[in-house]
Amino acid sequence: MSAPVSPVAPIVAPRPAGLTDDTEGMAYLDKLPRRLVTTYLPLLVILVVLLFPFYWMVLTAIKPDEQLIDMERYNPFLVVSPTLKHINKLLFETQYPRWLWNTMYVSVAATALSLFASVLAAYACVRIRYRGASWVGAAIFLAYLVPPSILFIPLATIVQAYGLFDSPLALILVYPTVLIPFSTWLLMGYFKTIPYELEECALMDGASRWQILVKIILPLALPGLISAGIFSLTLCWNEFIYALTFLSSTQNKTVPIAVVSEFVDGDIYRWGSLMAGALLGSLPLVILYSFFVEYYVSALTGAVKE
Amino acid sequence: MADTALTQPAPAAFASRSAWARLRASRGWSGFWFMLPTSLILGLFLAYPLLKGIWLSFTNARIGRDGQFIGLENYAWLWDDDVFWLAVFNTCLYTLVASVVKFAVGLYVALLLNKHIPFKSLVRSVVLIPFVVPTVLSAIAFWWIFDSQFSIISWSLRHLGVIDGNIDFLGDPNLARACVIFANIWRGVPFIAITLLAGLQTVSPSLYEAATIDGASNWQIFSRITLPLLTPIIAVVMTFSVLFTFTDFQLIWAMTRGGPVNATHLMATLSYQRGILSGTLGEGAAIATAMVPFLLVAIGISWFGLQRRAWQSGGTDR
């Protein structure tokens, strides 16, 4: 991705590095029975293990209570007369919709903020190249390696001091510390692939830096923006330790926090709604993912490869 | 170079302009404005807390009360604390076992996915799903799968006639450790597999064909071609994996909260319990700060241990 672009390179937006080659290679040398044992069977086992928890989640969420606790009369792997009771209870008797809204609101706001900041930073590091830009680039990568687990205690005191405790704003301001290093690093890779000539032309035509960024760079780096955005959303949705530390009142919680803290009441019948909560909390991300798989993979691999 | 027009010093005509015009044309000045949002956020919420955390670890701060400087007292206290050392042991065990298994399984899955299989792209997308779903929510599913009474694993083993009673997965210290490590592996393998797969796809098939013609065995092809070419990306991926495994919090918190009898406490969870739940911010910060040297060693091992020569990533040997 960081390969120098030759002056005659056609102007194409960098595509996400998809995993969709169809080369057969030497696979035809393996006969079917051999492939069955060395490839298909292990793959099947791995897929089953990877997907089983989700199957179990769905099954538990739609199982009536008496089938959940009576494992002798009913086969636990199957469900007889599924029910929407747990999901119904979740949506109308708890504050689940509110938690879902909080999660979405915080994720979208934090993603927007960090995309804005990292587009500017990445552009400055790659193209303005002020004095010390390469050091700043390295520092941003190092920031990527600072884990939230060693920051949450001091951050809690800082959030308290700024009067942001128990407010979604605290999360919107703190999440970008995780997202900006990642997105900046990813976008720097994309910006590097855009030829200089385009910018030089625009400069000669009298465009300002800002105009160059908005009218030339951003449209060409759109796949990178989508990748960074999708991945940031996922990271925000996933975030746990900051939300757990900064939020205290029930109505302000995000889905991951609420599911862990609000349903754990020792009730033997809680499993249905717990699993329904986990399922509904995962579904938006899985749907988003299914639409943007290629961008997602390119974000995942792009940020690592650089 | 194609970029000379952008890197050369400003021509003399610029100098005769007004100070404002010169400022506007200056690289450093526009660079400053472009970097401002990022520097503000990272400075206020990353660099400052990092330093403040170290400072807090030398104080006796509690929630709602500013602490006083007490020197190394927190660390001396931790040094004699068995629970802290248990957490250190757990964290190292957790990181070591989970990282090694994740790497082995991840590489295996990547090799499988790199083969010619039907529904290739669908299978690849499905493999990544555990990574997409929020960790806490899948951890809760594991909590239910490992339930002491209604565990599906106990049920299956019972009906297969392997065991008589239910297994108390999360109640026995060693079993609980194994369970959280398993959940961590389950969640981490897709990330490693997909990134390694991306690395595998850059290896030219003609290398394999040439080796096959020369009579190389499958193992030789793997150890002499695939692995060396993959080393740079393995180093990066494993560094990230070790980093995030070592500082893991949410999986443990959702599944066991450190129990039974602290058997699954990691340093991060212990730090949360002491710092936030018991309110002794100073001690919690000391545990968090104590993670840093371990973390540096772990990253050092995975980075320098796995990093081979520079020519493999296109550089030159020094």
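The values are calculated or read from the model by the stated rules, or taken from the named source; none is laboratory data. Every value quoted in this text rests on a predicted model; they were computed, and no experiment measured them. Reconstructed Cβ throughout: ideal geometry from the backbone, glycine too, with neighbour counts over all protein chains shown.
Quick rundown of the values:
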{"quantity": "Residues of the stretch A:39-70 satisfying the condition of being surrounded by fewer than 18 Cβ atoms within 10 Å (Cβ to Cβ) and over 31 Å from the mean Cα position of the chain (by Cα)", "calculated": "A:PRO64, A:ASP65, A:GLU66, A:ILE69, A:ASP70"}
{"quantity": "Residue match in the stretch A:255-267 (condition: within 11 Å of chain B (Cβ to nearest Cβ), modelled with pLDDT of 90 or more and not in a helix (DSSP H, G or I))", "calculated": "no"}
{"quantity": "Among the candidates A:ASP205, A:ASP166, residue that is more than 10 Å from every other protein chain (Cβ to nearest Cβ), surrounded by fewer than 20 Cβ atoms within 10 Å (Cβ to Cβ) and under 23 Å from B:THR135 (Cα atoms)", "calculated": "A:ASP166"}
{"quantity": "Output for the stretch B:176-186, where each listed residue is over 18 Å from B:VAL133 (Cβ atoms) and surrounded by 16 or more Cβ atoms within 10 Å (Cβ to Cβ)", "calculated": "B:ALA176, B:ARG177, B:CYS179, B:ILE181"}
{"quantity": "Condition check for A:PHE52: in a loop (DSSP other than H, G, I, E, B), modelled with pLDDT of 80 or more and within 29 Å of B:PHE191 (Cα to Cα)", "calculated": "no"}
{"quantity": "When residues of the stretch B:263-286 are limited to those that are over 22 Å from A:GLN160 (Cβ atoms) and out of contact with any Lys or Arg (no Cβ under 7 Å at 6 or more places or on another chain), the one farthest from the other protein chains (Cβ to nearest Cβ)", "calculated": "B:HIS265"}
{"quantity": "Residue within the stretch B:187-201 that is surrounded by 15 or more Cβ atoms within 10 Å (Cβ to Cβ), in contact with a Pro (Cβ under 6 Å, 6 or more places away or on another chain) and under 26 Å from A:THR301 (Cα atoms) present", "calculated": "yes"}
{"quantity": "When residues of the stretch B:77-87 are limited to those that are more than 14 Å from every other protein chain (Cβ to nearest Cβ) and outside any loop (DSSP other than H, G, I, E, B), the one farthest from the chain's Cα centre (by Cα)", "calculated": "B:TRP77"}
{"quantity": "Residue that is surrounded by the most Cβ atoms within 10 Å (Cβ to Cβ) [pool: residues in the stretch B:116-127 that are more than 7 Å from chain A (Cβ to nearest Cβ) and part of a loop (DSSP other than H, G, I, E, B)]", "calculated": "B:PHE119"}
{"quantity": "The lone exception for A:LEU198 - which of (1) more than 21 Å from B:GLN250 (Cα to Cα); (2) modelled with pLDDT of 90 or more; (3) touching a Leu at 6+ places or on another chain (Cβ under 9 Å) it fails", "calculated": "(2)"}
{"quantity": "Count of residues meeting criterion [away from chain B (no Cβ under 13 Å), assigned to a helix (DSSP H, G or I), in contact with a Phe, Trp or Tyr (Cβ under 6 Å, 6 or more places away or on another chain) and among the aliphatic types (A, V, I, L, M)] in the stretch A:218-254", "calculated": "1"}
{"quantity": "Residue check, A:ALA112 among the small types (Gly, Ala, Ser), buried (at least 19 other Cβ atoms within 10 Å of the Cβ) and more than 8 Å from chain B (Cβ to nearest Cβ)", "calculated": "no"}
{"quantity": "Any chance A:PRO147 is within 9 Å of another protein chain (Cβ to nearest Cβ) and surrounded by fewer than 22 Cβ atoms within 10 Å (Cβ to Cβ)", "calculated": "yes"}
{"quantity": "Residue among B:SER154, B:SER138 that is modelled with pLDDT under 90, among the hydroxyl-bearing types (Ser, Thr, Tyr) and in the same structural domain as B:ASP248 (by TED's automatic domain parsing)", "calculated": "B:SER154"}
{"quantity": "Test: A:CYS201 is in contact (Cβ under 8 Å) with a residue 60 or more places away in the chain and assigned to a helix (DSSP H, G or I)", "calculated": "no"}
{"quantity": "Of all residues making up the stretch B:49-76, the number that are more than 7 Å from chain A (Cβ to nearest Cβ) and part of a helix (DSSP H, G or I)", "calculated": "7"}
{"quantity": "Candidates B:GLY106, B:GLY171, B:GLY161, B:GLY165, filtered to the one that is surrounded by 19 or more Cβ atoms within 10 Å (Cβ to Cβ) and of a type outside the set (Ser, Thr, Tyr)", "calculated": "B:GLY106"}
{"quantity": "Residue check for A:ARG98: in a helix (DSSP H, G or I), among the charged types (D, E, K, R) and modelled with pLDDT under 95", "calculated": "yes"}
{"quantity": "Sole exception among (1) in a helix (DSSP H, G or I); (2) surrounded by 19 or more Cβ atoms within 10 Å (Cβ to Cβ); (3) under 21 Å from the mean Cα position of the chain (by Cα) for A:LEU90, by number", "calculated": "(3)"}
{"quantity": "Residues (of a type in the set (Gly, Ala, Ser) and at pLDDT 90 or above) located in the stretch B:37-86", "calculated": "B:SER39, B:GLY43, B:ALA47, B:GLY53, B:SER57, B:ALA76"}
{"quantity": "Flag if B:ASP147 is more than 9 Å from chain A (Cβ to nearest Cβ), surrounded by 15 or more Cβ atoms within 10 Å (Cβ to Cβ), of a type in the set (Asp, Glu) and more than 26 Å from B:LEU243 (Cβ to Cβ)", "calculated": "no"}
{"quantity": "Odd one out for A:GLN211, checked against (1) surrounded by fewer than 17 Cβ atoms within 10 Å (Cβ to Cβ); (2) of a type outside the set (Lys, Arg); (3) in contact with a Lys or Arg (Cβ under 7 Å, 6 or more places away or on another chain)", "calculated": "(3)"}
